[in-house]
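Working notes, beginning with the structure itself.
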Amino acid sequence: MLDGATPDPQPRPSPERLALAALWALILAPVVAHGLWRPLIVGLGSSGESGWITIAALVVAAAAVGGRWLGPARAWLRWVIPGAAAILAAPIVGQTGPGIAAAALTLLAVAGFSTATLPLMIARTPPLLDGLARRKRGATALVALLGILAVVQTARVSTFIGDPDRVDGSAVPLVERYDYHACVTAYVQAAKLADARVDNLYEADWWPSIGHSATGEAQAEAYAPFDLDAFAYPPQFLLVPRVVIALSDEFSVQRALWFGAGGLWLAFGLWFVAGWIGETDARAGIRALMLGPLIWIAPPVMVTLQLGNVHMAVVVAAVVGMIAFERERPALGGALLAFAILAKISPGLLGIVLLAQRRWREALWTAGFGLGWTLLALLVFGPAPFEAFVTYELPRLSSGEALEFFTSVPEEVASNLAPFGVPFKLEALGLTIDDAWASAAMVGSVFSLAVVGLSIGAGLRGGDRRVQVGLWLAVLTLGGLRSPFAPPYAGFAALWLLSLWAAEVRGLRSLVLIVAGFVLLLGLPPMPMVAMLSVSLVQQLALLGLVVWFIVRPHGGVLRDPDR
């Protein structure tokens, strides 16, 4: 270094670390863009072509990546180059005055996000990755291919979020029922009903998919061309969509905001968890990072992001909360885990894990924040939603009555991963079931007892950080399967678990098992109904086998010390 020179606080990274960070910058650029663009054009009274915004966002992110490669001499150009690209692209894609303003603000946000997050991602990538591309050319080519597919698929879905008419961008174009289904419709509509202080926001008449009433059909008009989904979550969860409806009454805006926030939170979770594992096991952390695009591009994940279902966000919140406990940040951990439990109930199994480990402090922080979130929801919405949930909705959820719709659509019967749904699948395959609902209730009760026992067992298991996260994900998967209706997104935590298990691959047998597991959890392609039902039963068996095996198998022969 020359005399008087100042070392660059952000030196040029290795090609491998920059390439991995660049890949995620390109994946997330359309997510950021379409989380903002629709709200901006609606607010400014403008319009535009969502496809051009997607392309411009990718160009701006690429400019930010190029800025990182400039080196230390002109570090300030790392901000100027993507900002200039955003300003230059805005008149081309915006076309009119308000449209140009919306495009400029959107693309500047992409520029700022990409430029700010690139060094953070690079810093959280273990240096062990440096030079790996030359030594592992086959693996590098595979990750590059997955990355390209992830960028393309995210760009397609993001474009559809920006323009509901672009159904060609749907995550699974061959499955039309996903085109205009949006789980987020239920969330924002329920928040509106709670704000209006209706007596029972869970009443079937409010929801056309289960009540088929004139009242429900009238409510659904505000969401056209999307169907109005039914709401079945605890009232504390409504605090989140309440923020969204405070920002806009326009559903296209709400959908975009929800998509942007959900996509960024999922990406953060994948990176944060891999980075935490990599702090003590660089090899496992690198494999988790490199397989991140495979999780992201999985059809159940992309469909869930498109539909706006909250399941993956809840899983991420629960896992990040448990890591916060491990980092001795009990307040943050309690806040995240408590909200995850109150949002979907099933993450409460991690509370059993904490109790099995005698982690009283963490359990008390979680209980305390659970009370706090509940009091806040009571203050915002009043007592009516709570009374309705306990006396009306919760019994209907336990019996399956609230989700009865899944038995009337063959595709829903086939896609249900919950053990509760097995009798209905067998009945659809031609087997004689005297009372499918009674059989399903019995299966659900037995499974619930098994899940509690397995959660206790997971709490007593020991292992490194990768194993700990895997155990949490296994428990969360079991919790999701406890519901009478568990769509393909219930396998998200198991997909994540498989990506962590990949760190153990030493030979062909392990590789084949992991690949087979991924394939089985990728959802059901279009096929004749008998074949679809048969394959779905195999999927269920594989999913349950994976999580149960991960919990009961020895992890280094060590049990966790419950007195830690």
Quick one: which of V451, V446 is within 19 Å of L541 (Cβ to Cβ), loosely packed, with under 14 Cβ neighbours inside 10 Å, out of contact with any Asp or Glu (no Cβ under 8 Å at 6 or more places or on another chain) and of a type in the set (A, V, I, L, M)? V446
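Which members of the stretch 385-403 meet the condition of being part of a helix (DSSP H, G or I) and in contact with a Pro (Cβ under 9 Å, 6 or more places away or on another chain)?
Selection gives P385, F386, A388, F389, E393, L394, L397, S398, S399, E401, A402, L403.
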With within 27 Å of A19 (Cβ to Cβ), at pLDDT 95 or above and either part of a loop (DSSP other than H, G, I, E, B) or aliphatic (A, V, I, L, M) (or both) as the only criterion, which of V65, V80, V59 stands out? V59
Looking at (1) closer than 29 Å to L193 by Cβ; (2) modelled with pLDDT of 95 or more; (3) touching a Ser or Thr at 6+ places or on another chain (Cβ under 7 Å), which is the only condition A418 fails? (2)
Against the definition (surrounded by fewer than 24 Cβ atoms within 10 Å (Cβ to Cβ) and either among the aliphatic types (A, V, I, L, M) or touching a residue at least 12 places away in the same chain (Cβ under 8 Å) (or both)), how does A340 come out, yes or no? no
Condition broken by L142, with the remaining ones in (1) of a type in the set (A, V, I, L, M, F, W, C); (2) closer than 26 Å to I277 by Cα; (3) in contact with a helix residue (DSSP H, G or I) (Cβ under 6 Å, 6 or more places away or on another chain) satisfied: (3)
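Yes or no, residue by residue, for (1) of a type in the set (D, E); (2) modelled with pLDDT under 95; (3) out of contact with any Lys or Arg (no Cβ under 9 Å at 6 or more places or on another chain):
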{"site": "E427", "(1), (2), (3)": "yes, yes, yes"}
{"site": "G430", "(1), (2), (3)": "no, yes, yes"}
{"site": "V443", "(1), (2), (3)": "no, yes, yes"}
{"site": "S455", "(1), (2), (3)": "no, no, yes"}
{"site": "R461", "(1), (2), (3)": "no, yes, no"}
{"site": "A503", "(1), (2), (3)": "no, yes, no"}
{"site": "L508", "(1), (2), (3)": "no, yes, yes"}
{"site": "L511", "(1), (2), (3)": "no, yes, yes"}
Quick one: how many residues across the stretch 201-228 are in contact (Cβ under 8 Å) with a residue 60 or more places away in the chain and not charged (D, E, K, R)? 6
With within 24 Å of Y202 (Cβ to Cβ), acidic (D, E) and crowded, with 22+ Cβ neighbours inside 10 Å as the only criterion, which of E393, E401 stands out? E393
Restricting the search to the stretch 263-297, which residues are in a loop (DSSP other than H, G, I, E, B) and crowded, with 20+ Cβ neighbours inside 10 Å? L291
Taking the stretch 463-478 as the region of interest, how many residues are over 24 Å from F447 (Cα atoms) and either polar (S, T, N, Q) or outside any helix (DSSP H, G or I) (or both)? 2
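Run down I323, I286, I297 and say which single residue is more than 23 Å from A256 (Cβ to Cβ), β-branched (V, I, T) and at pLDDT below 95. Explain how you work it out, then say what you get.
Numbers: I323 fails: at pLDDT below 95; I297 fails: more than 23 Å from A256 (Cβ to Cβ).
Going through I323, I286, I297 in turn, just one is more than 23 Å from A256 (Cβ to Cβ), β-branched (V, I, T) and at pLDDT below 95: I286.
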Working carefully through the options V157, V188, V151, find the one that is touching a residue at least 60 places away in the same chain (Cβ under 8 Å), under 21 Å from the mean Cα position of the chain (by Cα) and farther than 29 Å from A25 by Cα. V188
Looking at the stretch 347-357, is at least one residue in contact with a Lys or Arg (Cβ under 6 Å, 6 or more places away or on another chain), in a helix (DSSP H, G or I) and of a type in the set (V, I, T)? no
Of the conditions (1) touching a residue at least 12 places away in the same chain (Cβ under 8 Å); (2) out of contact with any Phe, Trp or Tyr (no Cβ under 9 Å at 6 or more places or on another chain), A141 fails just one. Which one is it? (1)
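The values are calculated or read from the model by the stated rules, or taken from the named source; none is laboratory data. Predicted model, so just to flag it, every value in this text is computed and none were measured. A quick note on method: Cβ atoms are made from the backbone with ideal geometry, for glycine too, and the neighbour counts reach across all protein chains shown.
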